[in-house]
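Working notes, beginning with the structure itself.
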Amino acid sequence: MSLWLNTKRVARYGLIGFIRNGFVSLAAVSIMTLTLFVLSGLMVFGAALDATLVQLTQKVDVNVYFTTNATEAQITDVKKMLEGMPEVASVTFVSREEALATFRERHKNDQLTIQALDELRDNPLGATLEVRAKQTSQYEAIAKFLTTQQSNGTSGGSAIDKVNFYQNKTAIDRLTNIIDTSKRIGTIVAVVMGLASLLIAFNTIRLAIYTSRDEIGVMNIVGAGRWYVRGPFMIAGILYGFVSGLIVLLLLYPITLYMSAPLQRFLGTFNAFSYYAGNFPFIFFVIMSFGIALGALSSYLAVRRYLRN
Amino acid sequence: MLLIFWRMIQYDKVTKIYHGGQHAVEDITLHVEPGEFVFIVGHSGAGKTTLLKMLFAEVLPTSGAVYFDSRSIGELSNAELLRVRRNIGTIFQDFRLLPTKTIYENIAFALEVAGKDDDDIRADVPHVLELVGLADKMWSFPRELSGGEQQRVAIARAIVNQPAVLIADEPTGNLDPINTHDVLEILKKINNLGTTVLLATHNRSVVDAGGKRVITMDQGRLIRDDKEGKYVL
């Protein structure tokens, strides 16, 4: 018998089974919808966590304060050295004038400070380099490098007045801890919830096939090959995954739209709807392939139990 | 082995002990020739069903061997076993139809697994349903049919591939006398066309009216084998 004819028959029986076993299909699709919904929730949660962490990380930097008589060449030397470090994400130069303007702006309501500043003949502020690391844990290495340069007095090192990392160290360490812990907890929660919903979906499909165990027995007796028995159930499993995936993708539209504003108030810049709309192809691929794979694999394993020689 | 060669079905010192030590069948040796009609009788638990199930390897013997067309069933490859099963029609007391398939699809399924193409199936299914008097029920589901009708569908499915052997395990157990008579008449017709029929039953009147070979079992043992027997227990 041709492979094409077999495939056509298996696909037709799978579709017929999905439709005629309406109640069983409804139960399986409902549970799989919940599973895929948990998965999509974990994806959005993960993206929100990442966005929030990136946002927090960006608020941390190490400032290198130069002496007021530091030359441009010395500052450029230090800047170049920093930019050459693999840990460094960016280095921003703030000139003495910019530093003074920022200072004035920040203290514009503090007349006493402004007056004291006016009485000084010269700009008391030195130029600054704002250094951002790729990861918060890397600030210490950068700060150590800078202090070594400062004490050695090599290149522009002699022009460094102070590195503010050690003043910020406690705050940075705490943030590093929070970020690490959040990531770890996020991963554990994702794995546990993912596994739990996977088991529930798998068992639901197993129950759905359990109701057909006599049918599988009859198919065995009339001489149907393994794949001819298994195929329609796997097609039905794939349909459970496909329909559930579609439902979840459709539901995510209004849910992310509605949840965006409250989430944004809580998490800052992260916008759930923008994430959903901007990453739709990726989310579609993950949800659909996970749903279809789960449906097909669960059916495969469940039927195997009732397949005899 | 030479003797086995030309015999269609041969049970050779077959014993089946289920888990828990229950002896379902004990040391049975018998053979069945092509075209025979054989009643297998005995009380419930006598081992009739186990004996029949061993012919299509739904149950495997603990010792001894069952031969079909001179091949030991237990030594067949998976593909060979499937071919044997397609050459053995089976009918059960509880009909065992596929509940989510229509009557047409139930019968077509047996033809599909045998590798028939769609044109043959479209021709054969109505024909076999006409033979069992159910042509008008083609698009019904099994649950919409009476017990007698369901059993006739099961017969149609069992014979549609024109098998060499038809196994019927208590086929009239759930039927009233009129349906019992109808089913029996159909089985006799099939036998007259050359199909070997093995029919397990504990219905005395069915056996006594048959005038066929009767194998009597008791507590897993073969206690009588009469060429034109009666129900004696």
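The values are calculated or read from the model by the stated rules, or taken from the named source; none is laboratory data. Because the structure is a prediction, the values reported are computed rather than measured. All Cβ positions, glycine included, derive from the backbone under ideal geometry; neighbour counts span all protein chains shown.
Annotations for the structure displayed:
- Selection status of A:Arg104, assigned to a loop (DSSP other than H, G, I, E, B) and over 33 Å from the mean Cα position of the chain (by Cα): no
- Single residue of the range B:117-132 satisfying the filter (surrounded by fewer than 20 Cβ atoms within 10 Å (Cβ to Cβ) and touching a residue at least 24 places away in the same chain (Cβ under 8 Å)) that is farthest from the other protein chains (Cβ to nearest Cβ): B:Leu131
- Selection of first residues in the range A:168-179 that are surrounded by 18 or more Cβ atoms within 10 Å (Cβ to Cβ) and in a helix (DSSP H, G or I) and of second residues that are of a type in the set (Gly, Ala, Ser) and modelled with pLDDT of 75 or more, restricted to Cβ pairs under 6 Å at least 6 apart or on distinct chains, gives the following pairs, ordered by first then second residue: A:Thr176/A:Ser137.
- Search result, residues across the range B:95-113 that are more than 10 Å from chain A (Cβ to nearest Cβ) and surrounded by fewer than 19 Cβ atoms within 10 Å (Cβ to Cβ): B:Tyr104
- Residues within the range A:6-25 that are in contact with a helix residue (DSSP H, G or I) (Cβ under 8 Å, 6 or more places away or on another chain), of a type outside the set (S, T, N, Q) and facing another protein chain (nearest Cβ under 7 Å), tallied: 2
- The range A:280-296 - residue that is free of Cβ contacts under 8 Å to residues at least 60 places away in the same chain and surrounded by 13 or more Cβ atoms within 10 Å (Cβ to Cβ) and, of those, farthest from A:Ala27 (Cα to Cα): A:Phe280
- B:Asn161 closer than 23 Å to B:Phe39 by Cβ and within 10 Å of another protein chain (Cβ to nearest Cβ): no
- Lone qualifier among B:Glu80, B:Glu26 - being farther than 30 Å from B:Arg204 by Cα, out of contact with any Phe, Trp or Tyr (no Cβ under 9 Å at 6 or more places or on another chain) and not basic (Lys, Arg): B:Glu80
- For the range B:51-94, taking the residues that are at pLDDT 90 or above, surrounded by fewer than 22 Cβ atoms within 10 Å (Cβ to Cβ) and among the hydroxyl-bearing types (Ser, Thr, Tyr), the one that is nearest to the chain's Cα centre (by Cα) is identified as B:Tyr67.
- Top-ranked residue of the range A:273-304 - restricted to ones that are assigned to a helix (DSSP H, G or I) and among the polar types (S, T, N, Q), ranked as nearest to A:Tyr258 (Cα to Cα): A:Ser274
- Qualifying residue in the range A:250-267 (condition: in contact with a Leu (Cβ under 6 Å, 6 or more places away or on another chain), buried (at least 20 other Cβ atoms within 10 Å of the Cβ), assigned by TED's automatic domain parsing to the domain that holds A:Tyr13 and part of a helix (DSSP H, G or I)): no
- All of A:Leu175, A:Leu146, A:Leu125 fail the test of being more than 30 Å from A:Val24 (Cα to Cα), among the aliphatic types (A, V, I, L, M), away from chain B (no Cβ under 14 Å) and more than 33 Å from the chain's Cα centre (by Cα), apart from A:Leu125.
- Filtering the range A:78-87 for residues that are within 30 Å of A:Leu250 (Cα to Cα) and assigned to a helix (DSSP H, G or I) leaves an empty set.
- Single condition A:Ala70 does not satisfy, out of (1) over 30 Å from A:Leu53 (Cβ atoms); (2) touching a Gly at 6+ places or on another chain (Cβ under 8 Å); (3) part of a helix (DSSP H, G or I): (3)
- Taking each residue of the range A:222-245 that is within 9 Å of another protein chain (Cβ to nearest Cβ) and looking for partners that are charged (D, E, K, R) and in a helix (DSSP H, G or I) with beta-carbon atoms closer than 7 Å, six or more apart or interchain, yields A:Val222/B:Arg85; A:Gly223/B:Arg85; A:Gly223/B:Arg86.
- Boolean, A:Phe37 is within 30 Å of A:Val189 (Cβ to Cβ), touching a helix residue (DSSP H, G or I) at 6+ places or on another chain (Cβ under 6 Å), assigned by TED's automatic domain parsing to the domain that holds A:Ile238 and surrounded by 14 or more Cβ atoms within 10 Å (Cβ to Cβ): yes
- Residue list for the range A:131-144, filter: crowded, with 17+ Cβ neighbours inside 10 Å and at pLDDT 80 or above: A:Val131, A:Arg132, A:Ala133, A:Gln138, A:Tyr139, A:Glu140, A:Ile142, A:Ala143
- Residue check for A:Val88: in contact with a helix residue (DSSP H, G or I) (Cβ under 6 Å, 6 or more places away or on another chain) and more than 30 Å from A:Leu49 (Cβ to Cβ): no
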